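A.B. asks: One structure, as structure tokens, below. Some questions next.
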Amino acid sequence: MKWLLAGMLLFAVCFTAGMTNASAKDTLAQNVSEHSWVFVNGYMDETRILQTQLGFHGSKIALATSGSGIATRTIDSHVFTDSNMDEASLTISSNYDYRPYTSPFTQSDLRNALCAKNYEVGSAFSETYSIEKDLIKDTKIYQDKNASVYEISSEIQGTARIGTRVQKNADTVPSYIMGGTYVGYAQIRSETVVGNSSILTLPCP
């Protein structure tokens, strides 16, 4: 009888521990890094939000740019969190020369679009082009259960729309949200890397 009671108690302890581990929530924001360069002769409208925690906690960065003219800008940004670290950073180098812009092109029905999602790491990427004269593009995507890598190299005369959202799960904050619209002549070079491991050790595609 004592052995039966001891066995039942041990089973109850193990079952409770298992339930506790199973219900443990991963609340760390997903890691993401971005390297981006854009040249636009026309009109641009882009926004970025980086954050590590919900509400009035952690680190948050917001950046927005809109208007017409000639623009060149470079951005390096990252969000990194683990049990010991919680950080977000953004470096921007830019040159904006205002000029009024009126599109010389007629509206075209020639379009190109792509959308990629990785439910394992919580990343979504999209690019859409309305090709009013020409488009030269080279997009590379790598996704597995640990990481997503999105690389864009585009040159367009028309309208380009780029969007990215990174959110690990429903219990975490969206660590990276980006949306950009570029009208006229634009060159876009961008690499976004998403993953659970260090941004310095993610695998290359």
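A.B. asks: Counting only residues that are among the hydrophobic types (A, V, I, L, M, F, W, C) and over 21 Å from the mean Cα position of the chain (by Cα), which one in the range 86-118 is farthest from N41 (Cα to Cα)?
C.D. replies: Among those residues, the one meeting the criterion is L110.
A.B. asks: If you take the residues of the range 89-112 that are aliphatic (A, V, I, L, M) and modelled with pLDDT of 95 or more, which of them is farthest from L50 (Cα to Cα)?
C.D. replies: So, considering only residues that are aliphatic (A, V, I, L, M) and modelled with pLDDT of 95 or more, the one farthest from L50 (Cα to Cα) is I92.
A.B. asks: Identify the single condition in (1) surrounded by 14 or more Cβ atoms within 10 Å (Cβ to Cβ); (2) under 16 Å from T181 (Cα atoms) that R111 does not satisfy, given that it satisfies every other one.
C.D. replies: With respect to (1) surrounded by 14 or more Cβ atoms within 10 Å (Cβ to Cβ); (2) under 16 Å from T181 (Cα atoms), R111 is out only on (1).
A.B. asks: Just one of the numbered conditions (1) assigned to a strand (DSSP E or B); (2) touching a Lys or Arg at 6+ places or on another chain (Cβ under 7 Å) is not true of A64; which one?
C.D. replies: (2)
A.B. asks: I want to confirm something. Restricting to the range 56-67 and keeping residues that are farther than 20 Å from D82 by Cβ and over 19 Å from the mean Cα position of the chain (by Cα), which single residue is surrounded by the most Cβ atoms within 10 Å (Cβ to Cβ)?
C.D. replies: Filtering the range 56-67 for residues that are farther than 20 Å from D82 by Cβ and over 19 Å from the mean Cα position of the chain (by Cα), the one surrounded by the most Cβ atoms within 10 Å (Cβ to Cβ) comes out as G67.
A.B. asks: Would you point out the residue of the range 15-38, among those that are surrounded by fewer than 18 Cβ atoms within 10 Å (Cβ to Cβ) and modelled with pLDDT of 95 or more, that is nearest to S153 (Cα to Cα)?
C.D. replies: Top of the filtered list is W37.
A.B. asks: Within the range 177-188, is there a residue that is crowded, with 20+ Cβ neighbours inside 10 Å, closer than 24 Å to G55 by Cβ and out of contact with any helix residue (DSSP H, G or I) (no Cβ under 7 Å at 6 or more places or on another chain)?
C.D. replies: Yes: the range 177-188 contains one or more residues that are crowded, with 20+ Cβ neighbours inside 10 Å, closer than 24 Å to G55 by Cβ and out of contact with any helix residue (DSSP H, G or I) (no Cβ under 7 Å at 6 or more places or on another chain).
A.B. asks: Can you find even one residue in the range 142-163 that is modelled with pLDDT of 95 or more and touching a Gly at 6+ places or on another chain (Cβ under 6 Å)?
C.D. replies: The answer is yes, given that some residue of the range 142-163 is modelled with pLDDT of 95 or more and touching a Gly at 6+ places or on another chain (Cβ under 6 Å).
A.B. asks: Answer yes if at least one residue in the range 123-138 is crowded, with 16+ Cβ neighbours inside 10 Å, within 17 Å of the chain's Cα centre (by Cα), at positive phi and not β-branched (V, I, T), and no otherwise.
C.D. replies: No.
A.B. asks: Among the residues of the range 99-108, count how many are touching a Ser or Thr at 6+ places or on another chain (Cβ under 7 Å) and surrounded by fewer than 16 Cβ atoms within 10 Å (Cβ to Cβ).
C.D. replies: The total comes to 3.
The values are calculated or read from the model by the stated rules, or taken from the named source; none is laboratory data. Everything quoted here is computed from the prediction, not taken from an experiment. All Cβ positions, even for glycine, are placed from backbone atoms using ideal geometry, and neighbour counts span all protein chains on display.
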